[in-house]
Amino acid sequence: MKIAILADRLELFNIKKDSTYAMMREAAARGHELHVFEQRHLLCEGGVVSAHAARVRLVDEDGAWFHREAAATQPLSAFDAVLMRKDPPFDMEYLYSTYLLEVAQRQGARVFNRPSGVREHNEKLAIIEFSRFCAPTLVSREPSRLRAFHAEHRDVIFKPLDGMGGAGIFRVREDGMNLGATIEMLTRDGAVTIMAQRYIPAISDGDKRILVIGGKPVPHALARIPQGGEVRGNLAAGGRGEARPLTERDREIADALGPTLAARGLLLVGLDVIGAHLTEINVTSPTCFREIMQQTGFDVAGMFIDALEAAASASAHGGLA
């Protein structure tokens, strides 16, 4: 296959941890041709959506892990698969990229995850559809409602709807210390909608990332365990990652959500679960491949490329994109 990957700058990858690198390594080992471009290289001219993409060959050399060839502008429909692996934040440029990729899809490009699926599943708000798996949750920008939610549940997590890596997450305990300041800051004095969730004590045992590929869960989750008194388990916030077999509850959640999300063109999803509760549905650029592979030996990248090959083939023959 000829694969195009929309990602951040390759020079910024930490290949010891990067899931996109794991995908690229597996695809290259199977003989697939890799082309890489950034958001700034995406364009539409004459009604055709293209990318100024460079072919990349993976190498094992001191100080380098890839060789980039001269870039060329090519229609995205010329590729067998286009991977959307740009990290958040999901800002206006990200939104514009999904629109362009959706046009490219109508022109014959096979894009994974499907642009409309990425756009329609805000990683915080998407859990509302599956509220039976969630802790008590409120989405609002009204300070009075947020205060009432805290008064009812007494120990609450407040977070922005557009954050990543644990940024902007605050815990307000029963004493209500800094409740007003937290609400004012996150809502910008009532101008911005945020999420409040009842605090889940099981966070001390880890915030689990469950990867779902082609509607099926990887059999191991990565529990991201808070360190040093932190309330956040995110690896970006200093959490320690520990791979574990899925629990019965983990599988129940993954089996319930997986087929539904896959049918919406979401080939790869990262479900965040604390204890028995679903807290987020990550669709933009889910990670944790490398940690699970290194600790368990399970070939997550192989499972993903298997699913990508099958999905690209089905799309080429009139199946779901």
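Values quoted throughout were computed directly from the atomic coordinates according to the rules given, and no laboratory measurement underlies them. Note that the structure is a prediction, hence the values are computed from the model and not measured. No Cβ is skipped: glycine too gets one built from the backbone with ideal geometry, and neighbour counts run over all protein chains shown.
Determine the shape class of the range 268-318: with a ≥ b ≥ c the square roots of the Cα gyration tensor eigenvalues, call it rounded for a/c under 1.5, and otherwise prolate if a/b is greater than b/c, oblate otherwise. It comes out oblate by the Cα gyration axes. Assuming charge only on the beta carbon of Lys and Arg (+1) and of Asp and Glu (-1), the dipole of the range 136-199 about its Cα centre is about 100 debye to the nearest 20.
One decimal place: the segment ARG154-THR247 gains 30.6 nm when fully extended, by the rule 0.36 nm per residue minus the C-alpha distance. Shape analysis of the range 2-115 yields a ratio of the Cα radius of gyration to the Kirkwood radius, Rg/Rh, of 0.95. Per residue, the convex hull spanned by the alpha carbons of the chain comes to 136 Å³.
The angle separating the long axis of helix 19-29 from the principal Cα axis of greatest extent in the chain is about 30 degrees. With contacts taken as Cα pairs under 8 Å and at least 6 residues apart, the range 202-314 reaches a relative contact order of 29 percent.
Based on Cα contacts under 8 Å between residues 6+ apart, the chain shows a relative contact order of 18 percent. Rounded to the nearest 10 degrees, the inclination of helix 248-263 to the longest alpha-carbon principal axis of the chain is 50 degrees.
Net charge dipole, the chain: roughly 260 debye, given to the nearest 20, about the Cα centre with Cβ charges of +1 for Lys and Arg and -1 for Asp and Glu. Over the range 63-120, the ratio between the Cα radius of gyration and 2.2 N^0.38 Å evaluates to 1.28. Pulled fully out, how much extra length does the chain show between GLU38 and ARG147, if you take 0.36 nm times their separation in residues and subtract their Cα-Cα distance? Length gained between GLU38 and ARG147: 35.0 nm.
Taken about its Cα centre, the range 233-305 carries a charge dipole of about 120 debye when Lys and Arg each add +1 at the Cβ and Asp and Glu each add -1 at the Cβ.
As a rough guide to protection, the peptides 42-50, 301-309 ranked by mean Cβ packing within 10 Å, highest first, stand as 301-309, 42-50.
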